Amino acid sequence: MSVVDILLLPFVFIYKGFVTVLLLPYYLVKGVMGVGGSSSAQKEAKFKIDTKTEIKDGKLVKTVKQVHNPENAALLTAKKQETVSSAKEFNGVEQQIKPVVMPEIKQGEEIKVINQVRSAYSKPVTPPKETDPVKIAAVKKEKTLKQQKEFERLVAKAREEEAKRAREMEAIRAEREKKEQERKAKELEKAKREQIEEEEYEKRIQERIKNGEPVTFGDKITAFFKKLNHNPKEELELEAKKTVLDEQFKDKKNAANRMDKALVFDYIARNPKGQLEKSSIEALSRVDVHSFLEAEGYEVYDITIAKSSNVNLIAFKMKKSKLIFYLSQLSAYLKSGIALAEAVKIIENQAKNTNEKKAWRAVYYDLSMGDVLSSALEKRKEVFPKLLINMIKTAEMTGNLTETLDDMVEYYTESEQTKKQMKSAMMYPTVVTLFAVAVVTFILMWVVPQFVAIYADMDSELPTITKIVIAISDFIKSYLIIIIVIFIVLVLILSYMYKNVKSFRRSLQQFAMNLPVFGNIIIYNEVTVFTKTFANLINHNVFITDTIDVLSKITDNEIYKRLIFETSRNLTKGESISKAFEGHWAFPDIAYQMLITGEKTGRLGPMMEKVSDYYQEQHRNIINQMKSLIEPALIVSLALIVGGILLSVIIPMFAMYDNL
């Protein structure tokens, strides 16, 4: 007995018990009827049937007599002689049975009479199967001709679809070229506008200075349902499409029909496991998709341009924790001697998230098409960080890819630890603040109003603090919904302005960086990220122009973006890197002095590493200090607020007691 049989055994017992319960009334009625019918059976037992068959005048004659048993000889009767040619009535319809005519009997010849009786409920006799090979061959030939005609029709249909797709490709290519030109024009216009804004901002700054201002059982069930949904016509149609596809890609001219930018293609293919797979992939042409899938062991039936071909198939930001894992795995595979493309394929198989699997599969596709790793990652710049792409690009030129991957793992690990420290530092005050707001709101809305009726009966004058608390309570009760709506709208407006209005974002960040304690936390974190990234890029021999470009994209702080922009302008003028940071309030003096020392000694990378380590330690210390100070500060603040409300409620009670 198999495992499946054992699993299904309880269901069999349940089914049999259910059927038994359903049939129980039937057997009960049958038993009662059997008891009542026994008397009639005994009555019929008193008679016996005497049947005699003989031949008269060439006809078969059957005589049936009913005689009494010896126990009741007085009731003896005889039945009339009945012949086979007599009329019989069945279900109210008379049917005439023709008499059986016997052939002439010759002397010495034996006769065997077979009397075949059929019941009205007998199954109809099925005609024997055709055994004539000529007819069978004709039927098969006719069926083959039908299938051939259907196949030719589907081939013609597939060819029409193929021609239609070719026209679509041409239209998309033309549209792509048009959109690319529009995009370049918009980018140029945007760059000019940003440059004008930067120049205007610089002018305003200069004027102010002058003015002094983040195979299981389920598989079997699935196979069973797939078998139910199996459509032979669909298989024939897939084969027809495959035939046309193979004919199309035999022509080597199709290899030249490539786009300048990857498109999204939907494909239907049978994977090496024999499963029909319908998925999507980014590629430059249908020929590339066909070649890639066949090289992977797929049997390709159809390749079409996706309806959303102009939309990026993979548009998500990979989490730093996942990126750290994948980079460490890639480094380990390369160190063990596995080829780069095979290592990426292993990572694709390891990925559990669908988007991550698609991203690594796209990278593997580009590597199999002859691209280098940095180029494959750059095509998915929405997924992989700009810093990683540039570092890998440099590593490919110097030949130390595994060392660079290890450095990136260490860099992103430290970056994640810094973010976690920031989150943990902000988590406690946020929770306590929300809890305090909830408690105070509850007291003002449900506790304070209970005493208002008592105070109304008092003749004495209420203290000023009590009047203020009652007024606040009435205001919150009356306008709570309006307050919540205004708060939500205000948060949404501020979020929108912070994301889209550059000047507002810069002002808000500048205000936060000038706060007593929180300002130092922000500054130390930004300096740590800036100097650590700068050191990594310089140590790996990245060009200074590329370094500045990467540094401008790793931060969202407009103050430091402005500093990097000034550095880029100074480099174009032939000036030093440190000039833009001289005397700037957002760049500590210690970091500036180390930057100057690195420039003079030619050891800018190691100096920036030391600055990064120093301010990372300073950032960690100030967070720990803030944690230790913010807890008692919040508790004292909450005690003062709640205590003040309670005092405002209790003080009038003492006045009422004095009056009594």
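The values are calculated or read from the model by the stated rules, or taken from the named source; none is laboratory data. Predicted, not measured: the structure shown is a model, and the values here were computed from it. Every residue, glycine as well, gets a Cβ built from its backbone with ideal geometry; the counts of neighbours run over all protein chains shown. Just so you know, the surface numbers come from the protein's heavy atoms only, side chains and all, with ligands and any DNA or RNA stripped out. Shrake-Rupley method; radii C 1.70, N 1.55, O 1.52, S 1.80 Å.
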- Largest to smallest accessible area among TYR524, TYR27, TYR428, TYR657 [probe 1.4 Å]: TYR657, TYR27, TYR428, TYR524
- Rg ratio (alpha-carbon, reference 2.2 N^0.38 Å) - the range 422-527: 1.56
- Could you give me the ³J(HN,Hα) list for the range 571-585, computed from phi with Karplus coefficients 6.51, -1.76, 1.60 and θ = phi - 60°, whole Hz, x at Gly and Pro? 5, 5, 8, x, 8, 7, 5, 6, 4, 5, 8, 5, x, 7, 5
- Length-normalised contact order of the range 544-618, Cα under 8 Å, at least 6 apart, in percent, tallies to 17
- Task: At a 1.4 Å probe radius, which order do LYS502, LYS184 fall into by accessible area, largest first?
- Result: LYS184, LYS502
- Mean-position separation - Cα centroids, the range 450-515 and the range 546-577, in angstrom: 41
- Would you kindly find the accessible area of PHE487, with a 1.4 Å probe and non-protein molecules such as ligands, DNA and RNA excluded, rounding to the nearest 10 Å²? 130
- Message: Could you work out how much longer the chain between LEU508 and GLN450 gets when fully extended? Use 0.36 nm per residue separation minus the Cα distance between them, nm to one decimal.
- Response: 16.6 nm
- Item | Per-residue SASA entry for VAL649, accessible area with 1.4 Å probe, Å² rounded to 10 | 10
- Item | Relative contact order of the range 558-660, pairs being alpha-carbon contacts under 8 Å that are 6 or more residues apart, as % | 12
- If you rank VAL517, VAL21, VAL289 by how much accessible surface each has, with a 1.4 Å probe, what is the order from largest down? VAL21, VAL517, VAL289
- Message: Take PHE13 and ALA163, extend 7 Å from each Cα along the Cα→Cβ direction, and tell me the distance between the two endpoints in nm.
- Response: 6.8
- Can you give the extra length, in nm with one decimal, that the chain gains between LYS419 and LEU494 once fully stretched, where that is 0.36 nm per residue apart less the Cα-Cα distance? 24.7 nm
- Query: For the range 464-552, what is the accessible area per residue in Å², given a 1.4 Å probe and the full set of protein chains?
  - Reply: 59
- Task: Mind grabbing the accessible area of PHE504 for me, 1.4 Å probe, Å², rounded to tens?
- Result: 50
- Task: Compute the signed sum of charges (Lys and Arg +1, Asp and Glu -1) over the other residues within less than 14 Å, Cβ to Cβ, of LEU145.
- Result: +3
- Task: May I ask for the Kirkwood hydrodynamic radius of the range 491-622, worked out over all distinct Cα pairs and given in angstroms to one decimal?
- Result: 15.4
- Item | Residue-normalised accessible area of the range 589-629, expressed per residue, 1.4 Å probe, Å² | 55
- Stretch gain in nm, segment VAL372-ASN621, where the contour uses 0.36 nm per residue and the Cα spacing is subtracted: 85.4 nm
- Message: Quick query: amide H of TYR301 versus all other amide H atoms, modeled in the peptide plane; which residues come in under 5 Å with a sequence gap of 5 or more or a different chain?
- Response: ILE268, ALA269, ARG270
- Percent carbon-and-sulfur accessible area, the range 531-660, ignoring ligands, DNA and RNA, probe 1.4 Å: 60
- Please sort 371-377, 273-279, 576-582 by packing, taking for each peptide the average over its residues of neighbouring beta carbons within 10 angstrom, highest first. 371-377, 576-582, 273-279
- Which distance in nm do the two modelled labels at TYR479 and LEU23 give, with both placed 7 Å along the Cα-to-Cβ direction? 8.0
- For a label point 7 angstrom out from the Cα of LEU515 toward its Cβ, which stretches of the range 572-591 have the backbone nitrogen within less than 14 Å? none
- Query: Taking θ as phi - 60°, what are the ³J(HN,Hα) couplings along the range 524-529 by the Karplus curve (6.51, -1.76, 1.60), each to the nearest whole Hz, with x for Gly and Pro?
  - Reply: 4, 5, 5, 5, 4, 5
- Under the Karplus curve 6.51 cos²θ - 1.76 cosθ + 1.60, θ = phi - 60°, whole-Hz ³J(HN,Hα) for the range 419-436, x wherever Gly or Pro sits: 5, 5, 4, 5, 5, 5, 5, 8, 5, 5, x, 5, 5, 5, 5, 4, 5, 5
